[in-house]
Amino acid sequence: MNQTITRMVDSAVTAHSASGEVREQLLVLASRSFASASRLSDDAEAVADLERAATTCIRLGVDLDTTLSIVIGAIELVVDAAPATSPLTVDSGQVLRAVRVATGIVARVYGRAGRAAHDSIGAAKEVAAALLRGDSSKVLGQCNQIGIADVYAILAVHLPSRRGRPHGVPRSTTEPIAARLYSELRRRFGPNALALSGETGATILVPDTAFGEFAALTAFIEDLRTADGHIPTGVVMCAPTCELPAVAEQVYAALDVVTRLGMTGRLHRFSDIAVEYQLTRPGPGRDALSTLLDPLEDHPDLLETLRTYVKSGLDRRRTARRLHLHPNSVDHRLKRIFRLTGFDIADPTALWNLRSALVIRDHHTEYTAIRA
């Protein structure tokens with residue numbers, strides 16, 4: 001019977017890409033459900049055991065559907081293994097009562113946790129907003145619930161849009177990223193990690209004591225992938241709490257740059273893209289690069305081709321699909337860009353110059369529009 005329980009749990013683990021710790025907890029949940037199936041109606045200790053197991057599942061980020069499927073599956077195993085004279089075998093009503101009581105216990109535990117999490121997330125959002133405004137009085141008002149760090153890793157994140165779930169893809173990846181973000185953030189970095197999120201972006205504050213290395217933040221971002229495999233794009237920089245408002249502006253400006261350059265689907269250290277970011281700041285370097293695309297001023301089709309080519313990861317076929325062109329037409333346009341600008345896109349240095357000029361041009365255009 002232990003092997004049967006293990007196979008059932010392993011099936012759930014595989015379907016949901018769960019960790020080893022989650023697997024162990026699901027085994028505990030299944031074992032307790034199996035052992036107490038016939039006693040939940042009148043045994044307080046059996047109820048408490050199941051409640052504790054479900055609570056731990058919540059802490060580890062196991063969704064309600066998975067927990068219920070394990071509990072019900074364990075009860076089914078009890079019925080299958082019961083002797084022919086067992087009340088569970090003879091009386092189908094008793095089986096239904098066992099399922100009803102067990103699912104009611106789990107639903108109640110998840111319901112309580114959901115209400116508590118909602119209140120906690122609300123407080124965390126208020127603190128995050130206050131920190132990003134530099135409003136220390138508001139922060140101090142929430143300190144009884146949330147510990148304020150001296151230094152945070154601040155992440156500016158662009159969230160890819162959610163699409164349908166392809167066959168075989170874990171259910172968790174089809175939930176809205178903004179909804180998954182909070183539970184995954186707290187699971188990995190504890191209750192003092194903060195976030196403000198919308199449908200397309202998020203600002204995340206992780207105390208510098210809550211993660212050991214950049215790899216931990218990268219793994220967090222990768223776990224927010226969508227059902228079709230798209231990973232959010234982000235930029236991270238560490239800063240003292242008092243400097244968060246200014247640093248937030250910098251990391252969001254840097255996020256805009258890496259998005260324009262097509263450097264998407266991963267988390268960047270700010271220090272790694274400092275040169276690209278600096279392109280948007282006033283200075284002689286920016287002024288020199290800004291003129292490189294002047295020969296394309298009267299050729300908006302070539303500018304759009306270059307922009308799409310960069311955003312498509314320098315993939316001519318993907319560029320062609322996005323522009324509804326034949327790949328040969330894309331090649332022809334890229335050759336025209338070379339003739340007009342003197343920069344060969346096949347040369348990495350020349351391509352970097354053109355990409356940089358494109359970032360400067362787009363940034364200047366948007367800045368001018370905002371100021372107008």
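Results, tabulated for the structure shown:
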read-out	value
Flag if residue 307 is surrounded by 16 or more Cβ atoms within 10 Å (Cβ to Cβ) and modelled with pLDDT of 80 or more	yes
Residue in segment 141-155 that is farther than 28 Å from residue 256 by Cα, at pLDDT below 80 and assigned to a helix (DSSP H, G or I) present	yes
Residues that are within 17 Å of residue 263 (Cα to Cα) and in a helix (DSSP H, G or I), drawn from segment 217-240	218, 221, 222
Residues of segment 279-307 classified as part of a loop (DSSP other than H, G, I, E, B), free of Cβ contacts under 8 Å to residues at least 40 places away in the same chain and farther than 12 Å from residue 361 by Cβ, total	4
Boolean, residue 211 is of a type outside the set (Gly, Ala, Ser), at pLDDT below 90 and within 21 Å of the chain's Cα centre (by Cα)	yes
Residue 233 vs. criteria crowded, with 20+ Cβ neighbours inside 10 Å, of a type outside the set (A, V, I, L, M, F, W, C) and either modelled with pLDDT under 90 or on the phi > 0 side of the Ramachandran plot (or both)	no
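The values are calculated or read from the model by the stated rules, or taken from the named source; none is laboratory data. Here the structure is a predicted model, which is why all the values come from computation and not from measurement. In this analysis, Cβ positions are derived from the backbone assuming ideal geometry, glycine residues included, and neighbour counts consider all displayed protein chains.
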